[in-house]
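Written out below as structure tokens is the structure these notes cover.
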Number of protein chains: 2
Amino acid sequence: MSAGTRRTGRPSTPVLGREVIVRGALDLIDEVGAKGFSIALLARRLQVRPSSLYNHVKGRDDILAGVRELVADPIDAAVFDTLPWDEALVSWARLYRAAFAAHPQTIALLATIPVSGAHRTLRMYESVVAGLERGGWPIASVIPVMVGVESFVLGSALDLMAPPAMFDPGPDSPEVPRFAAAVHARDDASAAQRRPAADLAFEVSLTALVDGLRTRLAAEIAAQGTTVDTGSA
Amino acid sequence: MSAGTRRTGRPSTPVLGREVIVRGALDLIDEVGAKGFSIALLARRLQVRPSSLYNHVKGRDDILAGVRELVADPIDAAVFDTLPWDEALVSWARLYRAAFAAHPQTIALLATIPVSGAHRTLRMYESVVAGLERGGWPIASVIPVMVGVESFVLGSALDLMAPPAMFDPGPDSPEVPRFAAAVHARDDASAAQRRPAADLAFEVSLTALVDGLRTRLAAEIAAQGTTVDTGSA
């Protein structure tokens, strides 16, 4: 982000503009959570009157569209232009999880407001949709497939926020012997592979999900009697 | 919930106890969100002093353990005792999504605090773990598989909160032609099948995820040279 020019007498405050407002909104949501976000609080944080914000953004929805773009900017969907759909989907899912894990307070918020107005995010979706179509997915299945992967990714981003001892059964351990044993075995595997436990769950399930989608696509194509590339495997 | 006996002069207020406190906490979180929840606010809602709560619960963590039990109570994991692991996993995932969709404000909260102390929830996990083990899953893979499905389910519960026009590209429609076409095709399929769009995404991906897990288990078992039941398919 460019720091912009300086306002006289306020050397550390960048000039108000859409980028500064959207960045400020994301910082605020990171700190206080989605429920605590308000135009009034954002204006106070930026040391301007609420009415000044409206010279640069249309309102709350417009600000949140900008927040969505900012959070989603690292999610590179250009891989759909160069890789088979299934490999692209795996790459996209990893970047998507990392992007939202960096701003966990936005997960529930952005999952429940329209994407309309987030131009850069819409272009990301366009790449995903076009890639899945080129891979042979029937147009009516494309959004369900994309949303299913998104749901898995957002839930996995939430799981990254879980404390290390999330599944410590505590004093109940003898009451749930197989659960306790499974948690210990998982922790041992995580230590032996030097991979966080959350990554084990994410990668096992991401691979399974995309494998299962590949199988389904092959079945859909067989049912339609058409022949197209069904992915890399 | 039993209404309990009545306090003199307060005919409409049930006697304070663990169940009343936990139910009140869940109602409060449903209304104000996880970030807004506090012992002070809960006490005010129940018309008692905060110190009175500590006669019945140990504190915030204990209350939230009770909230987890209350939310998760409808998630029947007994199917793991009677069905093959893959069918049980599908049934469990559907009930899990519905249970959290009924209390969306708890999704991000309960995903990020330890499960310790939620006895009934621990017993649910014990059934899932035992079922997956009986199905042939190596003990070290059981928690990653369960957590991966949980992540998908919680993300899907969030997706149920999305507005119907979540993916309306708005005036940007001509800029993202394949995305716009895919959204329309999805909406048409949803209308034709009389199923909500969120259900299409959930069911397609749940089936794919469990299919992919079945394939992976078969591969793990083949690699180990053992022979066990790999599910129903």
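Within the stretch B:62-92, the set of residues being under 19 Å from A:MET166 (Cβ atoms), in a helix (DSSP H, G or I) and either open to solvent by less than 10 Å² (accessible area, probe 1.4 Å) or touching a Ser or Thr at 6+ places or on another chain (Cβ under 8 Å) (or both) comprises B:ILE63, B:LEU64, B:ALA65, B:GLY66, B:VAL67, B:ARG68, B:GLU69, B:VAL71, B:ALA72, B:TRP92. Residues of the stretch A:161-177 include none that is surrounded by 20 or more Cβ atoms within 10 Å (Cβ to Cβ), assigned to a helix (DSSP H, G or I) and within 8 Å of chain B (Cβ to nearest Cβ). On inspection, B:VAL115 does not qualify as touching a residue at least 12 places away in the same chain (Cβ under 8 Å), within 12 Å of chain A (Cβ to nearest Cβ) and outside any loop (DSSP other than H, G, I, E, B). Here B:ILE143 meets each of (1) in contact (Cβ under 8 Å) with a residue 40 or more places away in the chain; (2) touching a Lys or Arg at 6+ places or on another chain (Cβ under 6 Å); (3) of a type in the set (A, V, I, L, M, F, W, C) with one exception, condition (1).
Just one of the listed residues (B:ALA25, B:ALA34, B:ALA77, B:ALA88) is in contact with a helix residue (DSSP H, G or I) (Cβ under 6 Å, 6 or more places away or on another chain), modelled with pLDDT under 95 and of a type in the set (A, V, I, L, M), namely B:ALA34. When we screen A:ALA182, A:ALA201 for residues that are open to solvent by less than 20 Å² (accessible area, probe 1.4 Å), free of Cβ contacts under 8 Å to residues at least 12 places away in the same chain and within 7 Å of chain B (Cβ to nearest Cβ), the only hit is A:ALA182. If you go through the stretch A:93-110 and pick out every residue that is among the aliphatic types (A, V, I, L, M), within 11 Å of chain B (Cβ to nearest Cβ) and open to solvent by 10 Å² or more (accessible area, probe 1.4 Å), you end up with 2.
Condition (residue is farther than 21 Å from A:ASP159 by Cβ and free of Cβ contacts under 8 Å to residues at least 60 places away in the same chain) applied to the stretch A:84-105: is it met by at least one residue?
Within the stretch A:84-105 (the criterion being farther than 21 Å from A:ASP159 by Cβ and free of Cβ contacts under 8 Å to residues at least 60 places away in the same chain), the answer is yes, since at least one residue qualifies.
The values are calculated or read from the model by the stated rules, or taken from the named source; none is laboratory data. Quick caveat, the model's predicted, so the values are computed rather than measured. Quick reminder, even Gly has a Cβ in these numbers, built from the backbone with ideal geometry, and neighbours come from all protein chains shown. All accessible areas refer to the heavy atoms of the entire protein, side chains included, with ligands and DNA or RNA removed. Shrake-Rupley method; radii C 1.70, N 1.55, O 1.52, S 1.80 Å.
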